[in-house]
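> Pasting a structure here, questions to come.
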Amino acid sequence: MAAHTITEPIKEIVYFGDPMCSWCWGFSPVIREIDAQYRDMAPLRIVVGGLHAGDTEPMSDAYKATIRHHWEDVNKATGATFDYSFFDREGFVLDTEPACRAAVTVREMAPEKTLEFYESVSRSFYSENKDTTDIETFKALAIEADLDAEEFAARFTSPDMQAATQNDFRFCQGLGVSGFPTVVVRENDSLALLTAGYRPFEVLQPAIDGWLANGLEAQSA
């Protein structure tokens, strides 16, 4: 009679965000700590949500004022740094699809560098006032991550990466994720919400520990 084996459940932490989302920038130290603490038990998967993907209109003064207010709130709540000279730009189109596609491209090229690269895009946009709709910005960040810039560029502009990015957007929409950051825990085919919005690591840690120790069923019982 064949022996029965007990298969460990497949566990991962799924982070839904956008590199050009200000609250995601504030959440960066939290998701970095989650990855560092739990990657061996539940690896991190990054899914991009396309916060302002496909925007085509230049930012109006009213739009800039709204975004600036968000930045100020994030700075107060998290200490994240911002370069407010961004708002002196004229004619900037806040299309986050290229930044999302850049993260997806690195996810395909070097999965282990996805979080590092994702955060470098956020840093470039928020703290350094770089144009994160420009492929040259991403190529420089690819070099910073010890990736081949020309290979990155070739993949970034390919139909495959455009399609993969749209797949991420659809996945978010299909789950009803509309705000970022959102983090869920996955156990086999089951998902449970960890947070919708910014939360400090010390608030999230007990929930992650409880899930890893007891499983989703115990958490929801």
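> Residues that are among the aromatic types (Phe, Trp, Tyr): list the helices (runs of 4 or more DSSP H) wholly contained in region 45-161 that include at least 1 such residues.
61-78, 114-126, 135-144, 149-156
> I'm checking my understanding of the structure. Among residues of region 89-112 that are of a type in the set (D, E, K, R) and closer than 21 Å to residue 23 by Cα, which one is surrounded by the most Cβ atoms within 10 Å (Cβ to Cβ)?
It comes out as 101.
> Go through 83, 55 for me and flag whichever is of a type in the set (D, E, K, R) and within 20 Å of residue 128 (Cα to Cα).
Among 83, 55, only 83 is of a type in the set (D, E, K, R) and within 20 Å of residue 128 (Cα to Cα).
> Also: Restricting to region 33-48, give me the number of residues that are without any contact (Cβ under 8 Å) to a residue 60 or more places away in the chain and aliphatic (A, V, I, L, M).
1
> Can you tell me which residue within region 1-50, out of those that are more than 23 Å from residue 72 (Cβ to Cβ) and of a type in the set (Ser, Thr, Tyr), is modelled with the lowest pLDDT?
Only one residue tops the list, namely 5.
> Looking only at region 173-197, count every residue that is in a strand (DSSP E or B) and in contact (Cβ under 8 Å) with a residue 40 or more places away in the chain and tell me the total.
8
The values are calculated or read from the model by the stated rules, or taken from the named source; none is laboratory data. This is a predicted model, so every value here is computed, not measured. We place every Cβ from the backbone using ideal geometry, glycine too, and count neighbours over all the protein chains shown.
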